[in-house]
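The values are calculated or read from the model by the stated rules, or taken from the named source; none is laboratory data. Note that this is a predicted model, so its numbers are computed, not measured. Every residue, glycine as well, gets a Cβ built from its backbone with ideal geometry; the counts of neighbours run over all protein chains shown.
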Amino acid sequence: MRKILREFDDVKKRITELRGQSVLMNINRGRKKIDTINATIKDIYPSVFTIKTQDEKLQTFSYFDVLCGDVELII
């Protein structure tokens, strides 16, 4: 079972504050596969946010990915 680290509104507020900034992300892809990427938080939506990687690809994550610890944002 995964631990919930913070409240949903706190995570959403923090990610909203980081919009447009470059962050380092650790992404747990499952089966002990962890990707580390440098990206910029691009858009904020009610239940997801998008990032743009250095090679200009867009990826989408939910705030619950951050809550569960699957995605870690490092400033």
Exercise. Counting only residues that are surrounded by 14 or more Cβ atoms within 10 Å (Cβ to Cβ) and of a type in the set (A, V, I, L, M), which one in the stretch 54-72 is modelled with the lowest pLDDT?
Worked result: Leu67
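Residues to consider are Ile44, Ile51, Ile75, Ile37; find the one that is among the β-branched types (Val, Ile, Thr) and at pLDDT below 90.
Ile75
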